[in-house]
Amino acid sequence: MEWPHDPDGEEGSEGMRKYGQAVLAKKLDEEEGFPLSAAEFVEEHGDEPVRLNHARVVSVADIFEHVEEDEFEDIVAFHKAVGRAMRAADMWEIDVDAHA
């Protein structure tokens, strides 16, 4: 797929390789961005890449196909909803047990 920018470049990962929700979080304004409409977020960022691991990149829209909520009250609600969606869609690459 052709991405609007390199998933590993400055726009995609802020100069370092960031994955999954870390990439999504940098698109948010925690102070003024909430409540946040899921549809508006996808409209603005849907075609942007999100690297899930060293080999797999999906779009923001791909992730949000699995998000059930229409709106997020705050960043915590956003992360919980997106985390649930990513786990349900087999897009969650973090192995908590590996970090214990």
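The values are calculated or read from the model by the stated rules, or taken from the named source; none is laboratory data. Keep in mind it's a predicted model, so treat the numbers as computed, not measured. A quick note on method: Cβ atoms are made from the backbone with ideal geometry, for glycine too, and the neighbour counts reach across all protein chains shown.
The figures follow:
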| quantity | calculated |
| --- | --- |
| Number of the exception - residue 94 against (1) at pLDDT 85 or above; (2) surrounded by 14 or more Cβ atoms within 10 Å (Cβ to Cβ); (3) more than 12 Å from the chain's Cα centre (by Cα) | (1) |
| Residues (of a type in the set (Gly, Ala, Ser) and surrounded by 18 or more Cβ atoms within 10 Å (Cβ to Cβ)) located in segment 43-74 | 59 |
| Any hit, segment 75-86, residues being buried (at least 18 other Cβ atoms within 10 Å of the Cβ), part of a helix (DSSP H, G or I) and touching a Gly at 6+ places or on another chain (Cβ under 7 Å) | yes |
| Test: residue in segment 26-35 that is acidic (Asp, Glu), free of Cβ contacts under 8 Å to residues at least 24 places away in the same chain, under 18 Å from residue 3 (Cβ atoms) and surrounded by fewer than 16 Cβ atoms within 10 Å (Cβ to Cβ) | no |
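This table checks each residue for (1) touching a Phe, Trp or Tyr at 6+ places or on another chain (Cβ under 8 Å); (2) of a type in the set (D, E, K, R); (3) at pLDDT 90 or above.
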| position | (1), (2), (3) |
| --- | --- |
| 36 | yes, no, yes |
| 49 | yes, no, yes |
| 52 | yes, no, no |
| 69 | no, yes, yes |
| 72 | yes, no, yes |
| 86 | yes, no, yes |
| 98 | no, no, no |
